[in-house]
Each structure stands twice: as C-alpha cells, then as structure tokens.
Amino acid sequence: EAGVAQSPRYKIIEKRQSVAFWCNPISGHATLYWYQQILGQGPKLLIQFQNNGVVDDSQLPKDRFSAERLKGVDSTLKIQPAKLEDSAVYLCASSSSGVYGYTFGSGTRLTVV
Amino acid sequence: AQSVAQPEDQVNVAEGNPLTVKCTYSVSGNPYLFWYVQYPNRGLQFLLKYITGDNLVKGSYGFEAEFNKSQTSFHLKKPSALVSDSALYFCAVRDNDMRFGAGTRLTVKP
C-alpha cells in the first residue's frame, strides 16, 4: 500500500511570499488532515476534510491560510502571505472510516526568512 | 475537548534497560489513545492504539502501552531499550480529530 505523499520536502521563502503544499492521501481514505508542527511542539490540526468537504477548520488562520480538496482526493494547502512564525513542518495525514490511527506523510519543512 | 499531556520533555535510558514514556489524557467519553514515533526528518509513524479491551496493548518494535482508566494514563513501555529507539514520541487522543501531546524525546545511550 502506498503511503501518504507530500511535496515538496523542503521549502525556503521570504516573508510575505506565498507557498503551496501538496498532499496525496492513501487511496480510498475519505478523511484528510493538515497539521502544523512547530519545532519542539506536537502537531496541531489546521484543517480536516471528509471527502471534498471541510469538517473542521477552526484552527486555520484564514486570513493567510487556505486549503482545498477538489474531487475528494488530493489536497493543497496555501499560505499567502507567509510570516516568520509560519516556519514549521506541515504534515498531511489520512484515515479511513472508524476509529483508527492516521497515516502521515513525511511532511514539508517550511522555512520563512 | 480532549487533550493529552506528556510531562517529560526528555527521557534518557541506557541500552538494555526498560523504558517508560508517560502520558495522561483528558476526554469525555471513551478514550481512543495512540502512540506515534517520529524519527529525524520523517513523518509520524503509528506504534499502537487503545480502543477497548485489554489494558495492555502491544505494538510495533516491541513497544507496549498500559491503559489505566483510574489514573487517566496511557504510558508507553519497552522491556529492553535499543539505541535505535532514540526518537521523538507523541501520545495522542482521538475524538473528532487527533490531538497530540507536546512530545517526549527519548535518548537511549549505549
């Protein structure tokens, strides 16, 4: 079974620039999550999709962050404009129905300078 | 809302000794508890979960965790640590979504 794919692995941008991350979940997994992991902290949920609908985006800074999951498969997370405090690893995860653990991608490490 | 706490930022053990990484949780209703491990520059890898049943849960790489309802704890354990177990460990609780603790860095010294 292929895992959760994320790209790019690393990204360095200047503040006020924009950036986009891509995620391809495990085939058949209806639920997709984006997490932000700041160095030294646990992952924090940004947004949860069920198929192509948003279930929870209460912790997404909507003034600068946006995410979409067109067709209920791939997802894109965008930051525009980026701030220094957005430097973090952005993790994508997917899960099937039921109470199971999530499968995480390797993440995208974003550095804002 | 559900939450977990990992009271130790760092745990150091000698190779061959038993290890424990602590986790306490707060949740309304039945707890669905998980442990994940994160190696440098890697995503989180699932270790084990408690949904229901036996309080002692066995997982990957020889790890196990003990669910204690009265103490609201879900400590991760391994009888004999390996240097390769050195990593960042996260406890998590799932309700509508997964909430993670701050993580515990385990260092196993030869």
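Against the list (1) more than 14 Å from chain B (Cβ to nearest Cβ); (2) touching a strand residue (DSSP E or B) at 6+ places or on another chain (Cβ under 6 Å); (3) closer than 22 Å to A:GLY101 by Cα, the condition A:LYS15 fails is (3).
Across the stretch A:58-70, the qualifying residues are those that are surrounded by fewer than 17 Cβ atoms within 10 Å (Cβ to Cβ) and modelled with pLDDT of 90 or more, and the one among them that is nearest to B:LEU44 (Cα to Cα) is A:GLN59. Applying the condition of being touching a Leu at 6+ places or on another chain (Cβ under 9 Å) and among the small types (Gly, Ala, Ser) to the stretch A:49-87 and asking which residue is farthest from the other protein chains (Cβ to nearest Cβ) yields A:ALA82. Elements of the type strands (runs of 3 or more DSSP E) sitting completely within the stretch B:7-102 and holding at least 2 residues that are surrounded by fewer than 18 Cβ atoms within 10 Å (Cβ to Cβ) and within 13 Å of chain A (Cβ to nearest Cβ): these cover B:44-50.
Just the residues that are assigned to a loop (DSSP other than H, G, I, E, B) and within 12 Å of A:VAL112 (Cα to Cα), please, taken from the stretch A:1-17.
A:GLU14, A:LYS15, A:ARG16, A:GLN17
Screening A:TYR90 with (1) within 21 Å of B:MET98 (Cβ to Cβ); (2) away from chain B (no Cβ under 14 Å); (3) of a type in the set (Ser, Thr, Tyr); (4) under 13 Å from the mean Cα position of the chain (by Cα) gives one miss only, at (2). Being surrounded by fewer than 18 Cβ atoms within 10 Å (Cβ to Cβ) and either in contact with a Phe, Trp or Tyr (Cβ under 8 Å, 6 or more places away or on another chain) or more than 10 Å from chain B (Cβ to nearest Cβ) (or both) is a description that does not apply to A:TRP34.
Counting the residues of the stretch A:3-12 that are of a type outside the set (D, E, K, R), within 14 Å of chain B (Cβ to nearest Cβ) and surrounded by fewer than 18 Cβ atoms within 10 Å (Cβ to Cβ) gives 5.
The values are calculated or read from the model by the stated rules, or taken from the named source; none is laboratory data. As the structure is a computational prediction, the values presented were derived from the model and not from experiment. Positions of Cβ are backbone-derived with ideal geometry, glycine not excepted, and every protein chain shown enters the neighbour counts.
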